Ligand SMILES: [Zn+2]
């Protein structure tokens with residue numbers, strides 16, 4: 001497995017308004033700007049926005065796995081390596097600090113805890129329910145691809161956006 005610096009190479013091409021991480025174009029926006037967009041979506045569209053954010057995250061989590069495996073050159077069957085790479089990547093990107101990933105192969109359940117999720121920041125603990133919908137979807141797509149699990153759902157049962165100590169995500173089979 002590569003080191004953080006080897007895996008995530010930032011390059012700037014200002015002449016073409018392009019920034020890339022290991023060849024993948026990205027944009028830099030402030031957490032505040034994203035937070036305003038998130039709050040507007042939720043206030044205008046309500047639960048519909050939760051679904052949009054979730055599905056967008058899911059696609060990113062599922063399809064991004066191959067890219068990320070290539071960046072890090074980790075063994076795709078080694079969960080420890082995968083989790084270590086994702087923990088380093090997500091904190092380096094300013095997304096979140098991955099605290100713990102517990103996989104229960106018997107029950108096909110995964111419990112993930114995280115702190116400092118970018119999606120919760122703008123709510124400053126004042127939301128009335130969990131708010132990390134994009135991350136919830138991202139984790140669902142990531143776990144399905146990385147751990148070869150099918151048809152999961154991901155619920156956030158505790159969230160810093162509503163003042164809980166940690167964001168906690170529970171993934172389990174959609175049909176059970
Ligand atoms: Zn949260």
Next item on the list: Could you check how many residues of region 145-176 are over 16 Å from residue 57 (Cα atoms) and part of a helix (DSSP H, G or I)?
Entry: 3
Margin query: residue 142 - would you say it is within 25 Å of residue 79 (Cβ to Cβ), away from the ligand (no atom under 14 Å from the Cβ) and in a helix (DSSP H, G or I)?
Written below: yes
Note to self: With the requirement that a residue be touching a residue at least 40 places away in the same chain (Cβ under 8 Å) and either assigned to a helix (DSSP H, G or I) or touching a strand residue (DSSP E or B) at 6+ places or on another chain (Cβ under 7 Å) (or both), what does region 1-20 give you?
What the structure shows: 4, 7, 8
Check: Residues of region 151-176 being farther than 18 Å from residue 125 by Cβ, within 12 Å of the ligand (Cβ to nearest atom) and surrounded by fewer than 17 Cβ atoms within 10 Å (Cβ to Cβ), which ones?
Finding: 155
Notebook entry, point to check: Does residue 48 qualify as being outside any strand (DSSP E or B) and more than 19 Å from residue 144 (Cα to Cα)?
Noted result: yes
Item checked: Single residue of region 24-54 satisfying the filter (touching a residue at least 12 places away in the same chain (Cβ under 8 Å) and either touching a strand residue (DSSP E or B) at 6+ places or on another chain (Cβ under 9 Å) or more than 23 Å from residue 128 (Cβ to Cβ) (or both)) that is surrounded by the most Cβ atoms within 10 Å (Cβ to Cβ) -> 54
Notebook entry, point to check: Of the numbered conditions (1) under 24 Å from residue 174 (Cα atoms); (2) away from the ligand (no atom under 16 Å from the Cβ); (3) not in a loop (DSSP other than H, G, I, E, B), residue 111 satisfies every one except a single condition; which is it?
Noted result: (2)
Check: Out of curiosity, is residue 81 farther than 17 Å from residue 132 by Cβ and within 18 Å of the chain's Cα centre (by Cα)?
Finding: yes
Next item on the list: Please indicate, with yes or no, whether at least one residue in region 66-84 is within 16 Å of the ligand (Cβ to nearest atom), buried (at least 16 other Cβ atoms within 10 Å of the Cβ) and at pLDDT 95 or above.
Entry: no
Notebook entry, point to check: Say we look at region 126-138 and pick out the residues that are away from the ligand (no atom under 11 Å from the Cβ) and closer than 13 Å to residue 61 by Cα; which of these is farthest from the chain's Cα centre (by Cα)?
Noted result: 137
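The values are calculated or read from the model by the stated rules, or taken from the named source; none is laboratory data. Remember, predicted model here, so these are calculated numbers, not experimental data. Reconstructed Cβ throughout: ideal geometry from the backbone, glycine too, with neighbour counts over all protein chains shown.
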